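Reviewing the structure listed below.
The values are calculated or read from the model by the stated rules, or taken from the named source; none is laboratory data. Keep in mind it's a predicted model, so treat the numbers as computed, not measured. Side chains included, ligands, DNA and RNA excluded: accessible areas come from the protein's heavy atoms. Shrake-Rupley method; radii C 1.70, N 1.55, O 1.52, S 1.80 Å.
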Amino acid sequence: MDRTSIDAPIYPRSGSQITFSVEGTPPFSLFQPDRDYANEGDATKFKFLEYHKWKFNSTWYFQIVKNLVIKPKVQFGYLGQYRDDYGISPFERFYLGGSGLGQFNFYGWEYIGLRGYPDNSIGPRPEGGNLNTQPVGGNAYHKYSLELRYPITLNQAAPIWALLFAEAGNTWLGKTDYQPFDLKRSAGVGLRVMLP
């Protein structure tokens with residue numbers, strides 16, 4: 001579901017964009033209720049991938065004075081399983097940090113940018129891992145951001161605007177790890193150039 005009411009596609013000054021999506025696979029594990037997934041290896045268990053994935057994104061634009069605009073944004077995501085003993089899919093997980101552009105991968109990971117941190121550096125680590133260990137990705141994430149923008153030029157060939165930003169977010173693996181107020185934070189200044 002998408003809804004948009006912004007006044008301009010390149011440099012909006014008012015309106016909002018709201019997106020809500022749900023995707024999922026068939027619940028293969030529910031067709032075999034007597035099977036003990038907790039004692040199976042990952043290769044056997046995840047032969048038929050199953051999950052349900054929920055995402056919400058809300059962005060608002062408020063004009064303060066002329067072209068000075070404030071842009072709050074909220075994002076949430078959740079990756080669930082149909083049976084607790086099946087476990088969370090190793091695919092389709094959320095990775096936070098950096099630009100959000102990510103690298104090429106075969107796992108269907110979803111990259112969410114969080115400025116001020118290296119790419120894909122935020123999130124749960126494997127058991128026994130430390131901060132230098134690659135995160136395993138989370139099944140739930142929150143991200144909040146706030147931008148104050150002012151255009152340098154709104155020339156259609158290459159609009160440029162300066163911005164101040166503050167962001168906070170994190171990702172968690174499992175219900176027991178979920179701590180909604182344990183957020184990684186960043187703030188800074190930036191310059192955005194839109195090239196054709």
*Candidates ALA162, ALA38, ALA140, ranked by Gaussian network fluctuation over the chain, Cα under 10 Å, top entry*: ALA38
*Assuming a ≥ b ≥ c are the square roots of the Cα gyration tensor eigenvalues, decide whether region 1-60 counts as rounded (a/c under 1.5), prolate (otherwise, with a/b larger than b/c) or oblate.*
prolate
_Ignoring everything except DSSP H segments at least 4 long, calculate the 222 nm mean residue ellipticity for the chain; use -39,500 (n - 2.57) per segment, divide by total residues, nearest 500._
-500 deg cm²/dmol
*Considering only lysines 8 or more places apart in sequence, or on different chains, count the pairs in the chain whose C-alpha atoms sit under 26 Å apart.*
22
*Of MET194, MET1, which has the most accessible area and how do the rest follow, probe 1.4 Å?*
MET1, MET194
*Average projection area in nm² (convex hull over Cα atoms of the chain, one quarter of hull surface)*: 13.2 nm²
_If the elastic network links every pair of Cα atoms under 10 Å, which of VAL136, VAL74, VAL65 fluctuates the most in the Gaussian network model of the chain?_
VAL65
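How many percent of Cα pairs in region 123-196 exceed 15 Å?
Details: 1797 of 2701 pairs.
Pairs farther apart than 15 Å: 67 percent.
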